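J.: Before I ask anything, here is the structure I am working with.
The values are calculated or read from the model by the stated rules, or taken from the named source; none is laboratory data. Note that the structure is predicted; figures quoted are calculated from it, not measured. All Cβ positions, glycine included, derive from the backbone under ideal geometry; neighbour counts span all protein chains shown. With ligands, DNA and RNA removed, areas are computed over all heavy atoms of the protein, side chains included. Shrake-Rupley method; radii C 1.70, N 1.55, O 1.52, S 1.80 Å.
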Amino acid sequence: MSGTKKSVDEIWKELNARTAPPRSRTTGIAGFGIPGIQTHTRIVPREQPTALQQQKHIAGDVSVDRDAPKLAVAYDPAAAGVSPEDLQQYVATLQRTLNCVTDPDRSTRRAAIIGLHSKLLHGDASTPKASRQMLQALLGGPLLHPLATMLSDPLEKCRLTVLQLLLEAAPQLSDPGVLMNGLLPQMVVRMGRVPVQEPAEEVRLAGLQLVQVLLQKTTTRWVG
């Protein structure tokens, strides 16, 4: 042993210069410094999604235009005596008008719903008047969604024309009850809650008249 005495500062520097043993990542009670107890954190690799899960994720991110006319509906046109092919052909003559029903321009929408009313109930050069069977297939199927949506249109003329179209068509329908599921939720929102959202008295009256006609026709059909 060397006779030279080391100062406290020198001894402290030597202690600090020594390499400290590697420390394990610890969690839980090991963090409190209890001797003899140590826990380790193991990083588990994240499981990669399957191809089916990726397809479902992508499908869920696809935005859908819910206001666009839809041809894939639950109502079977054969129940009205119309083949799917005949229904598609007739809808094709209306496609330009149906596209304009959801146009951002209010004048375009107004002209479109007025034109649709005229085409279905009277016909024109491009679209023949719809038969009773075709009216049933159209209003119970591809036209139900866009017409029901238009009951909330900002333009009063559009809302009123939709109701007038349905009022004139309802007596010709063999099964008017199929319209109820699509129309009633919209009509409840517009006219069945307080405060009433529908400001136009004429539109409210037409709405009540339509509900009355549909209920009477449905009741008569089932009782008869």
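J.: If you take the charge dipole of the stretch 71-189 about its Cα centre, with +1 on Lys and Arg Cβ and -1 on Asp and Glu Cβ, which of MET180, GLN136, THR149 is farthest toward its positive end?
T.: After comparing all options, I get THR149.
J.: Counting only protein chains, not ligands or nucleic acids, how are HIS122, HIS145, HIS117 ordered by accessible area (probe 1.4 Å), most first?
T.: Details: HIS122 120, HIS145 70, HIS117 30 Å².
From most exposed to least exposed: HIS122, HIS145, HIS117.
J.: Extension gain SER131-GLU156, at 0.36 nm per residue separation less the Cα-Cα distance, in nm? Kindly include the intermediate steps, with their values, before the conclusion.
T.: Details: separation 25, 0.36 × 25 = 9.00 nm, distance 2.83 nm.
Extra length available between SER131 and GLU156 comes to 6.2 nm.
J.: Moving to a separate point now. Can you list the trypsin sites (Lys or Arg not before Pro) in the stretch 125-166 that are in a DSSP coil and have 14 or fewer other beta carbons within 10 angstrom?
T.: Working: sites: LYS129, ARG132, LYS157, ARG159; in loops: LYS129.
The qualifying sites are LYS129.
J.: HN-Hα J couplings of the stretch 140-154 from phi, Karplus 6.51/-1.76/1.60, θ = phi - 60°, integer Hz, Gly and Pro as x?
T.: Along the stretch 140-154, the couplings run x, x, x, 8, 5, 5, x, 5, 5, 5, 6, 5, 10, 4, x Hz.
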